[in-house]
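The values are calculated or read from the model by the stated rules, or taken from the named source; none is laboratory data. In this text the structure is predicted, and so the values were computed from the model without any measurement. A quick note on method: Cβ atoms are made from the backbone with ideal geometry, for glycine too, and the neighbour counts reach across all protein chains shown.
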Amino acid sequence: MFGLTRSPYQDVFNSQREFDRMFNEFWSDLPDRTANAPATGFHVTSSDDGWRIDVPLPGIDPEHVTLECAGHSLTIRAEEPGDTNGRGRVRFEQTLTIPQFLDLDKISASHRHGMLQLTLPLKESVRPRRIQIETTDGQRQLAGSTK
């Protein structure tokens, strides 16, 4: 056949490509190494009164969960000790940056069925409020009602 000569370099490049394919396939087929850790996804719901943040912590006793506020950061830590050999130990840490219009001093937390629920109210300074308008005849009337 004409023009079908095989270069010795093609075998080297083909084996290199095959090795790369097998290497990538090996790493992509490994199970997730954080399978014992709780899900890190959380759900935020906003309302007129503030935000509610739901953090799933399945299988973690609420006594092993700590919340810490510093500045505008909220850190959620959970650590299940596991057995005496250290098996089954679960560690979780998530830090959230909280917007300035939410009041971290009035945060409340509850835990039910593996779900940590945080309630963060709006600061009083950003809540809508009614302003009284005085009329020229001295009577007061409400205007600009937001609720």
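In the stretch 80-100, the count of residues that are farther than 22 Å from HIS43 by Cβ, surrounded by fewer than 12 Cβ atoms within 10 Å (Cβ to Cβ) and at pLDDT 90 or above is zero. Condition first: over 30 Å from ARG127 (Cα atoms), modelled with pLDDT of 85 or more and under 20 Å from the mean Cα position of the chain (by Cα). Can you find one or more residues in the stretch 36-52 that meet it? Among the residues of the stretch 36-52, not one is over 30 Å from ARG127 (Cα atoms), modelled with pLDDT of 85 or more and under 20 Å from the mean Cα position of the chain (by Cα), which makes the answer no.
Tell me which strands (runs of 3 or more DSSP E) are completely within the stretch 67-128 and hold 1 or more residues being touching a residue at least 12 places away in the same chain (Cβ under 8 Å) and in contact with a helix residue (DSSP H, G or I) (Cβ under 7 Å, 6 or more places away or on another chain), or say none if there are none.
On the way: elements: 73-80, 90-97, 108-112, 115-121.
Output list reads 73-80, 108-112, 115-121.
Tell me whether the stretch 22-33 contains one or more residues that are over 26 Å from HIS113 (Cα atoms), hydrophobic (A, V, I, L, M, F, W, C) and at pLDDT 80 or above. Looking for residues that are over 26 Å from HIS113 (Cα atoms), hydrophobic (A, V, I, L, M, F, W, C) and at pLDDT 80 or above, one finds none in the stretch 22-33, hence no. Please go through the stretch 45-58 and pick out each residue that is closer than 27 Å to VAL90 by Cα and surrounded by 12 or more Cβ atoms within 10 Å (Cβ to Cβ). Within the stretch 45-58, ARG52, ILE53, ASP54, VAL55, PRO56, LEU57 meet the criteria. Taking (1) in contact with a helix residue (DSSP H, G or I) (Cβ under 7 Å, 6 or more places away or on another chain); (2) outside any strand (DSSP E or B) in turn, THR136 satisfies each apart from (1).
For the stretch 87-103, does any single residue satisfy the condition of being touching a Phe, Trp or Tyr at 6+ places or on another chain (Cβ under 9 Å) and among the charged types (D, E, K, R)? It would help to see each step written out before you state the result.
Of all residues in the stretch 87-103, those touching a Phe, Trp or Tyr at 6+ places or on another chain (Cβ under 9 Å) come to 94, 96, 98-99, 102.
Checking which are among the charged types (D, E, K, R) leaves us with none.
No, the stretch 87-103 has no match at all.
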